[in-house]
Amino acid sequence: MASDAELVQIVDAAVAEATRRAGAALACKSGCTHCCIGPFAVTERDLARLREGFAAVGDERMAARFREAREVMREGFPGDWESGGVTDLGAADLFDLAHPWLPCPVLDLETGACGLHAWRPVACRLHGPALRIDGVDLRHCRLNYVGMDGAEVEGLRVSVETPEVEESTLTYIAWAVRNGD
């Protein structure tokens with residue numbers, strides 16, 4: 001089984017290669033926040049990484065955003081709201097769609113930057129460029145590759161095989177920091 005650090009290193013290397021290949025066709029940059037709006041489930045490994053980052057930066061405004069996001073997500077939560085654990089993945093997809101305007105708690109709404117960028121979840125790391133992970137094509141950001149046809153984008157797609165990692169409970173970023181953690 002691979003460690004979280006090994007997984008992150010492999011993912012980051014694939015994204016760096018996809019970014020290099022895409023060049024100016026990749027619009028992703030700090031301040032572009034459309035992928036930071038709306039909830040999505042992440043792994044416990046991601047939460048541990050976010051907790052580490054929060055401990056390093058200790059931003060009280062961010063802690064307040066974590067609390068606010070949890071409260072907004074209380075009604076209809078697709079699992080155990082106290083722990084944040086998702087128990088119904090089908091309901092989680094519908095839940096995510098019901099909150100399309102909810103910003104990520106680590107997003108600085110004034111600057112558009114990720115407050116915990118170095119510690120961000122794997123899903124956030126993978127969003128944007130054209131990638132194929134373990135044989136599955138990920139949908140790239142609609143703001144990237146503008147004016148290119150499908151064949152051109154496929155020519156830029158980077159494939160990566162990820163190592164086996166331990167199964168993990170899914171939850172939401174808003175549960176990374178609780179009660180002043």
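None of the figures in this text is laboratory data; all of them are computed from the coordinates on show. Remember, predicted model here, so these are calculated numbers, not experimental data. In this analysis, Cβ positions are derived from the backbone assuming ideal geometry, glycine residues included, and neighbour counts consider all displayed protein chains.
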_Neighbour cut-off at most 14 other Cβ (10 Å), DSSP loop, GluC sites (Glu not before Pro), the range 69-139_ = Glu75, Glu82, Glu110
_Ratio Rg/Rh [Cα only; Rh per Kirkwood] for the chain_ = 0.96
*Order of Leu26, Leu89 from fewest to most other C-beta atoms within 10 Å?*
Leu89, Leu26
*asked:* Over the chain, with a Gaussian network built from C-alpha contacts below 10 Å, which listed residue (Gly147, Gly84, Gly112) shows the highest mean-square fluctuation?
replied: Gly147
*Within a Gaussian network of the chain (alpha carbon springs, distance under 10 Å), most fluctuating of Thr162, Thr33, Thr43*: Thr162
_Nearest-ten-degree value, helix 60-72 long axis tilted from longest Cα axis of the chain_ = 80
*Which value in deg cm²/dmol, rounded to the nearest 500, describes the helix-derived mean residue ellipticity at 222 nm for the chain, given -39,500 (n - 2.57) per DSSP H run of n ≥ 4 and division by the residue count?*
-11500 deg cm²/dmol
_What do you get for the angle between helix 44-57 and the principal long axis of the chain? Use alpha-carbon atoms, 0 to 90 degrees, nearest ten._
80
